[in-house]
Amino acid sequence: MLLALAVASAGCAGDRASGVLDTIAGEARAAIDAYVDAVNALDLDSASTFYSDAPGFQWVEDGAVRYGSAREARESLAALGAMASSTSLTLSDLSVTALGLGSAVANCHFDQQIGIEGRGGFSYSGAMTIVLRNEDGRWLFASGHTSTASPVPGRPEGAAPTEPRERP
């Protein structure tokens, strides 16, 4: 009888933990959706607030550290805003997993199209991973990674550094 009660209690605790982790994953997913909405609206000031200023932030593109800090990522968004007349970021097959109470990881496929008035624009796609951390009740990008299916054609100057950056 005691064994049956212990097993039943463990099952309930597991259900509660699973429910909490599902809620965390949902909150992190909502943050990613809000980021995508901001990018697509060219509200890059808002989009830039999703990068964590905590030590250790980095964004890796095609195997090289592209941004070694949230500041560098924000500068790239500002450069995008200065040249882009439109942008469309689409995520598909988005999977978000809670790693604990304050962290989550997301994986997806992305398609990015950037219009440049008078020059047409460019597009690229590939795989993306984002590690999110809950900081003061807000889900922020602690690090990220993209791998493009092919090199980014005609990456405009200022959109991202052309050489990998050393981690500070």
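Each reported figure results from applying straightforward, stated rules to the coordinates on display, with no laboratory input. Bear in mind the structure is a predicted one, so any value in this text is a computation, not a measurement. Every residue, glycine as well, gets a Cβ built from its backbone with ideal geometry; the counts of neighbours run over all protein chains shown.
The fewest-to-most ranking of V20, V60 by surrounding Cβ atoms within 10 Å reads V20, V60. Exposure proxy for H145, H109: other Cβ atoms within 10 Å of each Cβ, ordered fewest to most, give H109, H145.
Here Y124, Y51 are placed in order of increasing Cβ neighbour count within 10 Å, fewest first, which gives Y124, Y51.
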